[in-house]
Amino acid sequence: MKKLIAGNWKMNGGINDAKTLIANIINTLSTDDSQIQTRSDILICPPFLHIPAVRHSLHSNPHIALGAQDCSIYEDGAHTGDISAAMLKDSGCSHVIIGHSERRQNNSETDDLIARKARLALDKDLMPIICVGETAQERESGEAENIVTRQIRACVPELGTFEEITIAYEPVWAIGTGKIPTPDDVTTMHSLIRRLLKEKTARPERVRILYGGSLKPDNAKILLALPNVDGGLIGGASLKAKDFLAIAAAA
Ligand code: PGA
């Protein structure tokens with residue numbers, strides 16, 4: 001399985017910043033001789049409003065996939081301010097991040113709501129990237145594995161034979177902090193997730209399990225080479241083309 005290197009741009013920059021960043025990524029890839037694109041899949045998740053501009057730029061590069069950072073739990077109708085999974089599909093997205101810890105914390109998203117969004121995304125033919133991960137307090141109290149077990153059981157829908165999802169294990173305390181878990185802790189968590197996925201799909205080996213949280217060019221080689229780590233979800237470092245592609249090259 002090729003690794004997936006996904007950039008989560010979060011709520012950063014204006015439209016011109018988005019255009020410059022995607023142009024830099026495309027230009028760097030076009031002169032790259034390490035063949036990043038043939039060795040890994042690349043996904044960019046801009047803010048909703050920047051999706052059309054990034055899509056326009058990507059016409060010159062069909063190898064980079066486009067995703068969103070969230071979608072509505074509703075299919076359509078009177079839901080002021082929401083963006084539906086169908087609208088994302090219509091705007092050229094193939095992926096959508098669901099249940100990022102910033103949405104769990106800042107927008108009170110629950111496991112149940114996340115499961116509903118993931119099901120809706122699947123029904124609209126979008127690949128959900130379902131985020132799980134423990135807080136610092138949960139890790140310190142020895143609860144990390146129990147928390148992630150609960151999240152996988154509650155947030156991942158039952159999958160039909162041909163349905164596929166992606167999981168991102170992102171310890172909350174590692175996001176944007178420069179702190180990362182030990183390689184042993186990442187290995188333990190990713191193999192736990194792989195085992196739990198057997199409860200949801202007949203093909204758990206087909207699910208990519210990404211690592212996310214302070215993934216940088218200098219730690220990517222170690223983290224992305226661990227067993228059951230099938231790529232990365234990258235926040236801060238995805239805002240610089242050079243750093244983002246250095247992580248992709250390390251994969
Ligand atoms: P970070 O964010 O790389 O800035 O730690 C990761 C994420 O939130 O997906």
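We did not get these values from a lab; they are worked out from the coordinates using the rules stated. Predicted, not measured: the structure shown is a model, and the values here were computed from it. Every residue, glycine among them, receives a Cβ derived from its backbone with ideal geometry; neighbour counts consider all protein chains shown.
If you build the convex hull over the alpha carbons only and average its shadow over all orientations, what do you get for the range 109-231? Give it in nm² to one decimal.
Details: hull surface 29.4 nm².
Taking a quarter of the hull surface, the average projection is 7.4 nm².
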The range 1-108, relative contact order in percent, only Cα pairs under 8 angstrom and at least six apart counted:
26
Put a dot 7 Å past each Cα toward the Cβ at Leu49 and Gln137; how far apart are the dots in nm?
3.4
Between Val96 and residues 5 or more places away or on another chain, the pairs with built amide H atoms under 5 Å apart involve Ala68, Met127, Ile129
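Jot down the per residue volume, in cubic angstrom and as a whole number, of the convex hull over the alpha-carbon atoms of the chain. If you can, show how the numbers build up before the last one.
Values: hull volume 29.6 nm³, N = 251.
It comes to 118 Å³ per residue, whole-number rounded.
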May I ask you to evaluate 6.51 cos²θ - 1.76 cosθ + 1.60, the Karplus curve with θ = phi - 60°, for each residue of the range 245-250 and list the ³J(HN,Hα) values in order in whole Hz, giving x for glycine and proline?
6, 5, 5, 4, 5, 5
Listed here are the pairs Lys3/Lys242; Lys124/Lys179; Lys19/Lys89; Lys19/Lys198; Lys3/Lys124; Lys200/Lys242; which of them are more than 29 Å apart at the Cα?
Lys124/Lys179; Lys19/Lys198; Lys200/Lys242
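How much net charge surrounds Gly236 when only other residues with a Cβ under 11 Å from its Cβ are counted (Lys, Arg +1; Asp, Glu -1)? Intermediate values should be presented prior to the final figure.
Working: positive: Lys10, Lys216, Lys240; negative: Asp243.
For residues surrounding Gly236, the net value is +2.
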The chain, relative contact order in percent, only Cα pairs under 8 angstrom and at least six apart counted
21
Take the alpha-carbon centre of the range 81-116, take the same for the range 1-54, and report the distance between them in whole Å.
20
Residues in the range 16-36, backbone N under 11 Å from the label point at His56 (7 Å along the Cα-to-beta-carbon vector): list them, ranges by number please.
16, 19
Pop a pseudo-label 7 angstrom from the Cα along the beta-carbon direction at both Thr110 and Thr149 and give the gap in nm to one decimal.
2.2
Taking r as the C-beta separation of Asn27 and Asp82 and R0 as 35 Å, the FRET efficiency to the nearest 0.05 is 0.50
Extension length gain for Thr161 and Thr182 (0.36 nm per residue less Cα distance), in nm, is 4.1 nm
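How many percent of DSSP beta bridges within the chain run antiparallel, rounded to 5? Could you put the intermediate results ahead of the total?
Values: 0 of 29 bridges.
DSSP beta bridges in the chain are roughly 0 percent antiparallel.
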If the label point sits 7 Å along Cα→Cβ of Ala225, residues of the range 179-209 with amide N under 18 Å come out as 181-188
Shape verdict for the range 1-97, please, from the Cα gyration tensor: rounded (a/c under 1.5), prolate (a/b greater than b/c) or oblate.
prolate
Provide, in order from the shortest bin, the percent of all Cα-Cα pairs of the range 135-181 in each 5 Å bin, continuing until the bin that contains the maximum pair distance.
5, 17, 24, 20, 15, 10, 7, 2
